[in-house]
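Participant: I am attaching a structure below and will ask some questions about it afterwards.
The values are calculated or read from the model by the stated rules, or taken from the named source; none is laboratory data. This is a predicted model, so every value here is computed, not measured. Ideal geometry is used to build each Cβ from the backbone, glycine not excepted, and the neighbour counts take in all protein chains shown. Calculation scope for accessible area: heavy atoms of the full protein, side chains included, ligands and nucleic acids excluded. Shrake-Rupley method; radii C 1.70, N 1.55, O 1.52, S 1.80 Å.
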Amino acid sequence: MEAIIRTEDLTMAFGGLLAVNGVSVDIKPHSLTSIIGPNGAGKTTFFNLISGQLTPVRGKVFFKGMDITSLPVHSRARLGLGRCFQITNVFPRLTVLENVRLAVQAKAQIGYRPLTPAKRFAELEAKALEVLDTVGLTGKAGSLAVTLTHGEKRKLEIAIVLAMDPEVLLLDEPTAGISLEEVPAMIELLERLKQKRDRTILLVEHKMDMVLSLSDEILVLFNGTVLAQGLPEEIVQDERVQRAYLGGGMT
């Protein structure tokens, strides 16, 4: 099976610090791969290199066999790479539905067009409502985004990215900052997205029980390099991972 994302010798330095150092990995299509590692391991930098926020000092990024190393963020998004950040990024004074409908319009390449038939906008709104149903926010469609809880805002951000219909969904700590009560709902959403098997999910997450239950594969970064990559049960038993990341055991 050909990798949907492949990196070759991917390297990024900030001053004299090698944040990502010679990372070469393959990501299987229609899988959920989690990226773990201690603080400073290079997880977010690796994400930024894949999504285009950063340009590597060395190495290449491939998407479905195409070299996208020099492509900007918006070009990668058009190809099918969707990215959610640790910090929520929504329009607070628009309704939940309006936030998602704008993304649907952008995907359809429809801006402000006063002569566009009303039926076309009805189709866009129907698509937006379908996405809201996927993330469990149908009941909040008419609410202003500013009134949502932090967990609901994270779901809305995922909905906005899903509205662009990406082939690859990049999720950087989707449970960061949300209440403990909201974590199960986020896990349930990620499980539903995974079970559809219609897109590839890359997940950065610190909650190990969540990572082990959701992941098809786990990539472990340590000091900017790949320490291990494999099935969850393989990572659990890997002594290098236990020593470097978990202090002797996984919980």
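Participant: About the Cα centre of region 17-91, what is the dipole size in debye to 20, counting +1 per Lys and Arg Cβ and -1 per Asp and Glu Cβ, all else neutral? Could you put the intermediate results ahead of the total?
Facilitator: On the way: 8 positive and 2 negative charges, 21 e Å.
It comes to approximately 100 debye.
Participant: Related question: I need the shape label for region 32-80. Rule: rounded when a/c is under 1.5, else prolate if a/b > b/c, else oblate, with a, b, c from the alpha carbon gyration tensor. Present the calculation step by step, with values, prior to reporting the outcome.
Facilitator: Values: a/c = 1.98, a/b = 1.60, b/c = 1.24.
Since a/c reaches 1.5 and a/b is larger than b/c, the shape of region 32-80 is classed as prolate.
Participant: Let me spell out the model: positive unit charges on the Cβ of Lys and Arg, negative unit charges on the Cβ of Asp and Glu, origin at the Cα centre of the chain. What dipole size does that give, in debye rounded to 20?
Facilitator: Details: 28 positive and 29 negative charges, 195 e Å.
Rounded to the nearest 20 debye, it is 940 debye.
Participant: How big is the chain along each principal axis, measuring the range of its Cα positions in Å and listing the largest first?
Facilitator: The principal-axis extents, from largest down, are 60, 41, 37 Å.
Participant: Please compute the per residue accessible area over the chain with all protein chains in place, 1.4 Å probe, rounded to a whole number of Å².
Facilitator: I get 47 Å² per residue for this part.
Participant: Quote the charge dipole size of region 152-251 about the Cα centre in Debye, to the nearest 20; the model charges only the Cβ of Lys and Arg (+1) and of Asp and Glu (-1).
Facilitator: On the way: 11 positive and 19 negative charges, 18 e Å.
Computed about the Cα centre, the dipole is about 80 debye.
Participant: What share of the DSSP beta bridges in the chain is antiparallel, in percent to the nearest 5? Numbers along the way, then the final one.
Facilitator: Numbers: 20 of 37 bridges.
The answer is about 55 percent antiparallel.
Participant: Quick one: pull the percent of accessible area on the chain belonging to carbon and sulfur, 1.4 Å probe, ligands and nucleic acids left out.
Facilitator: Numbers: 6390 of 11850 Å².
Whole-percent figure for carbon plus sulfur exposure: 54.
Participant: Choose one answer from Gln237, Gln195, Gln109: the residue with the largest mean-square fluctuation in a GNM of the chain with alpha-carbon springs under 10 Å.
Facilitator: Gln109
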